[in-house]
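What follows is a single structure, written as structure tokens, with notes after it.
The values are calculated or read from the model by the stated rules, or taken from the named source; none is laboratory data. Quantities reported herein were computed from a predicted structural model and do not represent experimental measurements. Note: ideal-geometry Cβ built from the backbone for every residue, glycine included; neighbour counts use all protein chains shown. The area values use the complete protein model at the heavy-atom level, side chains included, leaving out ligands, DNA and RNA. Shrake-Rupley method; radii C 1.70, N 1.55, O 1.52, S 1.80 Å.
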Amino acid sequence: MSINTHIEHGFLKVYAHTRPRAREKRAPESEKDTERYLSRRVAEAGGLCLKFSSQTEVGYPDRLILLPGGQTAWAEIKSEGVKPRRLQQVRISALRALGYRVAVCDTRAAVDAFLSDLLKPEP
């Protein structure tokens, strides 16, 4: 919806046009939506998706994922198209060096791909 305004006789008049704009794009997925989706999918798989917050260190991934069978993974959640900050990239690399699986998920499709990989039966 577009809005046009003009002043007439000292009063501001607002006109709203409901015709869609020609270049409207779909809204990107928000971080909150992606985080909720991850939590729901992990719960459906029988696991826990804990919000992680350190009192002394910053930059660690948002979610600690605990799955049946003792699997542990981390997920950094971002809005669609947003990349982790430099410190977050350092923390993700450090966790991977310790052998943890870590994913940066910015869409539901990224969440699905990560969980599919985690839940894949080992040969």
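Below is a table of values for the structure above.
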{"read-out": "Failed condition for Glu57, given (1) more than 18 Å from Asp117 (Cα to Cα); (2) out of contact with any Lys or Arg (no Cβ under 9 Å at 6 or more places or on another chain); (3) not hydroxyl-bearing (Ser, Thr, Tyr)", "value": "(2)"}
{"read-out": "Total residues in region 97-111, condition open to solvent by 30 Å² or more (accessible area, probe 1.4 Å) and either closer than 15 Å to Arg63 by Cα or within 19 Å of the chain's Cα centre (by Cα) (or both)", "value": "6"}
{"read-out": "Count of residues meeting criterion [part of a helix (DSSP H, G or I), surrounded by 16 or more Cβ atoms within 10 Å (Cβ to Cβ) and of a type in the set (Gly, Ala, Ser)] in region 29-50", "value": "1"}
{"read-out": "Matching residues, region 72-111, being free of Cβ contacts under 8 Å to residues at least 40 places away in the same chain, touching a Gly at 6+ places or on another chain (Cβ under 8 Å) and either in a helix (DSSP H, G or I) or of a type in the set (Asp, Glu) (or both)", "value": "Leu87, Gln88, Val90, Arg91"}
{"read-out": "Breaking point among (1) assigned to a helix (DSSP H, G or I); (2) open to solvent by 50 Å² or more (accessible area, probe 1.4 Å), for Phe114", "value": "(2)"}
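Residue-by-condition table, conditions (1) modelled with pLDDT of 95 or more; (2) of a type in the set (Lys, Arg):
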{"site": "Glu57", "(1), (2)": "no, no"}
{"site": "Tyr60", "(1), (2)": "yes, no"}
{"site": "Gly81", "(1), (2)": "no, no"}
{"site": "Arg86", "(1), (2)": "yes, yes"}
{"site": "Gln89", "(1), (2)": "yes, no"}
{"site": "Ile92", "(1), (2)": "yes, no"}
{"site": "Val102", "(1), (2)": "yes, no"}
{"site": "Ala109", "(1), (2)": "yes, no"}
